[in-house]
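> I'd like to ask you about the structure that follows.
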Amino acid sequence: MTWLLLVVAAYLTGAIPTSFIVGRTRGSDLRRHGSGNLGATNAFRVLGWKAATPIFMFDIAKGYFPTAFFPLWDGRPAPEWALAYGAAAIGGHVFSSYVGFRGGKGAASGAGVYLALAPLAVLVCLAVWLALVFGTGYVSVGSIVAALTLPAVVYASRGPGPVLWVGIALAAFVIFAHRSNVRRLLRGEENRFRRKSGRQ
């Protein structure tokens with residue numbers, strides 16, 4: 001039953017509402033601003049990059065920690081178990097029980113999962129994300145393109161296998177979760193993030 005306890009622990013780790021906590025310390029409830037989402041994308045948009053960068057890093061850690069360490073504690077080092085714990089963490093991030101089962105869109109926590117499993121792919125995706133976010137000002141564009149880049153780099157570096165299949169599923173989920181952003185982009189209504197910290 002250790003694995004079940006660790007799945008629950010992975011979910012609760014992923015569910016820590018980082019952007020909600022940081023937003024409240026700055027007098028802002030992100031559920032009421034921007035897209036209303038509790039992820040790093042909306043934090044960049046509403047709070048600015050200085051406040052959002054630690055949120056982004058912690059959200060990565062929420063995916064990385066269960067994926068990297070829980071299989072070792074359970075004695076199940078196969079990648080399928082690491083992916084299971086990582087998926088639970090992503091689920092916690094997207095559907096956080098701490099804030100009424102609301103959360104982010106899974107991009108940063110998904111990056112943490114793959115930082116543990118395929119670090120080269122994540123470094124490439126991070127470079128793509130940074131280039132697009134700071135080049136265009138659209139965090140959603142960076143997240144979507146980075147998600148599409150992930151399975152391509154995993155396939156090139158590792159070939160087919162569970163890590164690739166879950167990477168494809170994760171990319172599809174991230175794109176689906178950003179469907180409202182895509183609609184706003186097509187209408188020319190998507191907001192760019194602010195380079196200064198502050199509140200809307």
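> In the chain, if the dipole is taken from +1 on Lys/Arg beta carbons and -1 on Asp/Glu beta carbons about the Cα centre, which of 4, 73, 120 is farthest to the positive end?
Result: 120, furthest along the dipole toward the positive end.
> I would also like to ask the following. State, to one decimal in nm, how far the label point of residue 21 lies from the label point of residue 57, with both points 7 Å from Cα in the Cβ direction.
1.5
> With runs of 4+ DSSP H residues as the only contributors, calculate the mean residue ellipticity of the chain at 222 nm using -39,500 (n - 2.57) per run, divided by the residue total and rounded to the nearest 500.
When only DSSP H runs of four or more count, the value is -23500 deg cm²/dmol.
> Quick one: putting +1 on the C-beta of Lys and Arg, -1 on the C-beta of Asp and Glu, what dipole do you get for the range 2-187 around its Cα centre, in Debye to the nearest 20?
Details: 15 positive and 4 negative charges, 154 e Å.
So the dipole magnitude of the range 2-187 works out to roughly 740 debye.
> At q = 0.08, 0.14, 0.19 Å⁻¹, what log₁₀ I(q)/I(0) does a Debye calculation on the Cα points of the range 2-187 give, no solvent, two decimals?
Evaluating at q = 0.08, 0.14, 0.19 Å⁻¹ gives log10 I(q)/I(0) of -0.23, -0.71, -1.27.
The numbers here are math on the coordinates, done by the rules we state, and not lab data. Because the structure is a prediction, the values reported are computed rather than measured. Cβ atoms come from the backbone with ideal geometry, glycine included; neighbour counts cover every protein chain shown.
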